[in-house]
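Here's the structure, in structure tokens; my notes come after.
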Amino acid sequence: MKTHDRLFRRGISALVLAAAVFAPIRVLAADSEIAEGVSLGGRAMYFRPKDASEGALSGGAQLRIHLSHMLALEGSIDYRKETFGSTVVDVYPVQASLLVYLMPSSRLTPFILGGGGWYYTHVRAPHESTQYRFGPHAGAGLKLSLNKFWSIDGSYRYLWTRDINSEDLAHPAGRHFSDNGFMLTASLNHHF
């Protein structure tokens, strides 16, 4: 099994384990129809680098721990594959975000978010390499509580990350690819 496949599986396992550990922290009132507590969900993710003409669609998972009606912590892991000429790059964004809900008692609430991400990056070119990059992100989104157990949400976030470095026969001194860009997510979440 490849290292990056193992990393993705470990990340998903860590999110599931954290959901099981934090489920007793539930802050949802029994008669409320607004989904809160701890949530775990799968998500679709679209990422487009700043200088690219198109982006790529991929998937991932997110775990949210609602600290109050207004605040939540989010941990997420996604996968994306990018191609720059003959260089293929696998990226696993692992992000931690603070979410602030602007209308917390409403079924449909906008939120703002900010945080940091760690980007495990495997570059496949004639000279393969693995890079660990960090970068902040900020954005906004909408959450719709379907009932006290399910919600859907979507978000936009802009990522500022270090460049991806690559070496190949045509560029023995190396090349740098900008990985700043925007990420769109859509998710279905189950609340514990």
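Here, each number is a calculation from the coordinates, and none is a lab measurement. Computed from a predicted structure; not experimentally measured. Using ideal geometry, Cβ is built from the backbone for each residue, glycine included, and neighbour counts are taken over all protein chains shown.
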Share of Cα-Cα pairs in the range 115-163 beyond 12 Å, in percent? 72 percent
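Arrange the following residues from fewest to most other Cβ atoms within 10 Å of their Cβ: Arg157, Arg107, Arg133.
Working: Arg157 22, Arg107 14, Arg133 17.
Result, fewest neighbours first: Arg107, Arg133, Arg157.
How much FRET efficiency would the formula 1/(1 + (r/R0)^6) give for Arg107 and Leu67, where r is the Cβ-Cβ distance and R0 is 25 Å, rounded to 0.05? Walk me through the numbers before you get to the answer.
Values: r = 20 Å, r/R0 = 0.79.
Efficiency for this residue pair is about 0.80.
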